[in-house]
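Shown next, in structure tokens, is the structure this report addresses.
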Amino acid sequence: MHCAVVSRNMELVKYLVSTHPKLLEQRSVDGWTPLLVAACQRKIEAVQILLDAGANPFATDLLERNMLHLLLLSPGEGGWISDPSVIPSFLKAMPRVILKRLLEQRCVENPGGLTPFARWIFTRPEPSMLFTTVLELSNVRVFEILDGAGRTLLHTVCASHLLTLLSYIPQQLIEICSQVINSSMDNLIRPIIEKAPHILFVEGKDGETPVDMVIERHLQELLRGFVSRYLRSRRWPMPCSLIHWPLFAFGTGYNGPAFLRDPYKCWEICREIVNSRKSSQPPRKLITADELDEITQLQVLPSKLT
């Protein structure tokens with residue numbers, strides 16, 4: 001059955017599910033059922049055939065990844081799909097009860113406790129049709145879940161908006177800028193906050209909300225800009241719009257570490273949304289002792305696997 005799924009012969013898959021239904025839940029040495037293999041390969045037609053035949057949609061592999069974990073982010077390169085609307089259409093047609101459970105299931109892949117959306121977000125997905133669909137179909141609970149690092153999905157996005165380049169070549173500056181900005185998570189912040197704005201005020205393991213993280217990093221960047229200029233000129237710069245420039249923009253002779261991103265976009269987006277909701281701002285959600293205990297347990301599982 002696994003081999004039939006990997007092949008392009010869907011008639012063979014249909015034949016096997018009708019004549020050998022026990023193979024539907026047969027696991028490979030990696031703990032994958034035929035359905036998980038189909039999801040990993042992004043063979044949506046095979047996924048639908050197996051589900052229609054009665055395959056367990058909640059089956060998981062050795063890392064407790066379900067079909068949605070693997071469909072959004074395959075351990076390998078996955079299958080190539082020419083039509084970008086195929087997976088979104090498939091997800092929209094899935095029964096909501098099943099989809100809700102799949103979206104909230106968590107795997108033990110490092111750092112542990114990752115939902116399909118949280119696991120996928122680490123790869124900085126483009127705000128494509130698939131991203132929009134998953135965002136729309138996700139309930140609020142998906143954004144409230146803390147992973148093994150004690151962070152919500154929004155914590156992860158806000159913490160990853162800053163990229164570090166150890167060196168740069170002036171002639172390749174434009175190319176580097178485009179690569180870094182395109183891979184930034186800044187373009188994911190607004191749609192996630194608009195979907196669940198109260199997550200801005202949910203504490204993580206360290207008692208820090210996404211808003212706290214953004215403000216702290218913004219202040220660090222302001223200070224970094226002042227100190228960098230002082231070390232080169234021994235003069236404190238006057239406040240001006242130049243403070244929003246990346247460090248190397250102050251001179252082509254700078255050869256130290258360069259911190260590059262779309263300047264302060266994360267902070268500006270969060271500030272705009274928070275200010276627009278001041279009259280109806282949700283209360284800060286403090287992390288509970290039970291949540292801290294759960295995070296500790298989630299951290300143990302990935303360490304055991306490694």
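No value in this document is a laboratory result; all are computed from the given coordinates. What you are looking at is a predicted structure, and each value in this text was computed from that prediction instead of being measured. Positions of Cβ are generated from backbone atoms using ideal geometry, with glycine treated the same way; all protein chains shown enter the neighbour counts.
So the values come out like this:
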quantity: Fewest-first sequence of Phe122, Phe131, Phe58 by Cβ atoms within 10 Å of each Cβ; calculated: Phe58, Phe122, Phe131
quantity: Packing-based exposure ordering (other Cβ within 10 Å, fewest first) of Met213, Met1, Met129; calculated: Met129, Met213, Met1
quantity: Ranked list, fewest to most other Cβ atoms within 10 Å of each Cβ, for Leu114, Leu68, Leu137; calculated: Leu137, Leu68, Leu114
quantity: 24 Å Cα-Cα reach of Lys265 towards lysines, excluding residues that sit fewer than 8 places from it in its own chain; calculated: Lys195, Lys278
quantity: Partner lysines for Lys92 [C-alpha distance under 16 Å; skip if fewer than 8 residues away on the same chain]; calculated: Lys100
quantity: Additional length obtainable on full extension of the chain from Ile98 to Ser280, 0.36 nm per residue less Cα span; calculated: 62.2 nm
quantity: Förster radius 51 Å - calculated FRET efficiency between Gln220 and Leu12 (Cβ-Cβ, nearest 0.05); calculated: 0.30
quantity: For Val202, residues with placed amide H under 5 Å, excluding near neighbours; calculated: Lys285
quantity: Extension reserve of the Ala289-Phe90 stretch, reckoned as 0.36 nm per residue once the Cα distance is removed; calculated: 67.7 nm
